[in-house]
1. Principal axes first, then extents: for the Cα atoms of the range 3-50, list largest minus smallest coordinate on each axis, whole Å, largest first.
2. Can you compute 3J(HN,Hα) from phi for each residue in the range 28-38, using the Karplus curve 6.51 cos²θ - 1.76 cosθ + 1.60 with θ = phi - 60°, rounded to whole Hz and x for Gly and Pro?
Amino acid sequence: MTVEEAGRALGVSRSTVWRLIQRGEIPSVRRAGRRLVPADAARRRLRRSPAASAIPPLTEDHPIFRLVGAGRGGGNLPGARDKHAILDE
């Protein structure tokens with residue numbers, strides 16, 4: 001499969017597939033000027049990768065959402081200087 005097809009199969013960008021190839025985490029071959037990833041290698045990588053459900057969803061009460069507009073409030077809090085205190089909570 002092509003790099004683009006491997007990216008779609010793995011759910012990652014084309015750039016990420018290229019990085020995985022460069023690191024040697026996914027094998028690839030060069031055929032007729034094209035870089036191809038064996039389909040079984042992509043399937044093995046997919047089985048090995050952690051499930052997307054393992055990543056907790058961002059909720060509206062996450063501290064990162066309090067930073068939206070920080071530093072542009074005209075002196076109103078929170079300001080840009082407060083970002084580390086907000087994120088460290």
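Coordinate-derived values only; no laboratory data. Note that this is a predicted model, so its numbers are computed, not measured.
1. Each principal axis gives a Cα extent; for the range 3-50 these are 33, 19, 19 Å.
2. So the Karplus estimates, Gly and Pro as x, are 8, 10, 10, 10, 6, x, 10, 8, 10, 10, x Hz.
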